[in-house]
Amino acid sequence: MRKKIVAGNWKMNLSFEEGQQLTSELVNMYRDEAIKDVVVVLNPPFPHLYPVQRLVGDMAGIFVGAQNCSDKEGGAFTGEVSAKILASFGVSYVILGHSERREYFKEDQTLLATKVNQALAHGLTPIFCCGESLEIRESGTHEEKVMEQLTASLFHLTPEEFSKVVIAYEPIWAIGTGKTASAEQAQEMHAALRGHLASKYGQAIAAQTSILYGGSANPGNAKELFGKPDVDGGLIGGASLKSRDFIEIVKSFEI
Ligand code: PGA
């Protein structure tokens, strides 16, 4: 069975105190409400990673992830953080290829392929984001576009390497807009993605790959989204900043 995963993407939000409070609340709720069989990943801004990791402690099922890493191994790259450094702080996941990084920081597909290599080389699990703009959705070429993003940045991996990757489908028109893709639209794209993975890596690996949905997911729509056969969880932005909302999303699987 592939893993069910709910990852919170805090983006550039929360002070030290706010991050500590949110994490404590989440850890307590996860434990007290006896949540099982769902992997939770908290992806705060870099300075939070270590203190959040300390608070999570050895709580089974909750992991810490970064929102980005360098494409370089190390050295004179002021302001960058390498996968190697992240791994040494106990970080286990890293979001790569988020549309905000593609758009605002001009991260292209070749750069992302190198970042994926760095993450895997240091034992981090990439949460690799893909997704189309509204313009592309309306032109009807969205599937083509999203498949191409995978091909360009992931298909150089060996099957063994690829089997460690998590995919997040995030239609750009749904991110932070309050406009979610319908569960049917998500399922359609996730099934296409799984088919694309199968064509390259075979059915077994495709069936084992977790494909998350992201874009205005909230406690009100998560049940329907996660109820679809190819939707294995979510990458949650805004709703990950409120402990009760995030935990309700985590509890939205029919287990
Ligand atoms: P959102 O963000 O849930 O606020 O739409 C999702 C994301 O960008 O990962």
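The values are calculated or read from the model by the stated rules, or taken from the named source; none is laboratory data. Since we're looking at a predicted model, the values are computed, not measured. Here the Cβ is made from the backbone with ideal geometry for all residues, glycine too, and neighbour counts use every protein chain on show. Only protein heavy atoms, including side chains, enter the accessible area calculation; ligands, DNA and RNA are left aside. Shrake-Rupley method; radii C 1.70, N 1.55, O 1.52, S 1.80 Å.
Regarding Gly57, is this residue surrounded by fewer than 14 Cβ atoms within 10 Å (Cβ to Cβ) and under 25 Å from Gln118 (Cα atoms)? Steps first, please.
Numbers: surrounded by fewer than 14 Cβ atoms within 10 Å (Cβ to Cβ): yes; under 25 Å from Gln118 (Cα atoms): no.
The answer is no for Gly57.
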Next item on the list: Please note which strands (runs of 3 or more DSSP E) are completely contained in region 1-114 and include at least 2 residues that are more than 16 Å from the ligand (Cβ to nearest atom).
Entry: 62-66
Next item on the list: Can you give me the number of residues within region 91-124 that are over 20 Å from Ala152 (Cβ atoms), under 17 Å from the mean Cα position of the chain (by Cα) and surrounded by fewer than 21 Cβ atoms within 10 Å (Cβ to Cβ)?
Entry: 2
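Of all residues in region 115-133, which are at positive phi and within 12 Å of the ligand (Cβ to nearest atom)?
So the first thing to find is which residues in region 115-133 are at positive phi, and the list is 123, 131.
Answer for region 115-133, where residues must be at positive phi and within 12 Å of the ligand (Cβ to nearest atom): just Gly131.
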Notebook entry, point to check: Within region 228-255, can you find the residues that are among the hydrophobic types (A, V, I, L, M, F, W, C) and open to solvent by 10 Å² or more (accessible area, probe 1.4 Å)?
Noted result: Ala239, Leu241, Phe253, Ile255
Margin query: Quick check on my filter: what residues within region 137-148 are closer than 22 Å to Ile5 by Cβ and either without any contact (Cβ under 8 Å) to a residue 40 or more places away in the chain or buried (at least 21 other Cβ atoms within 10 Å of the Cβ) (or both)?
Written below: Val146
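Go through Ser24, Ser15, Ser88 for me and flag whichever is at pLDDT 95 or above and surrounded by 13 or more Cβ atoms within 10 Å (Cβ to Cβ). Break it down stepwise before answering.
Values: Ser15 fails: surrounded by 13 or more Cβ atoms within 10 Å (Cβ to Cβ); Ser88 fails: surrounded by 13 or more Cβ atoms within 10 Å (Cβ to Cβ).
Every option except Ser24 fails the conditions.
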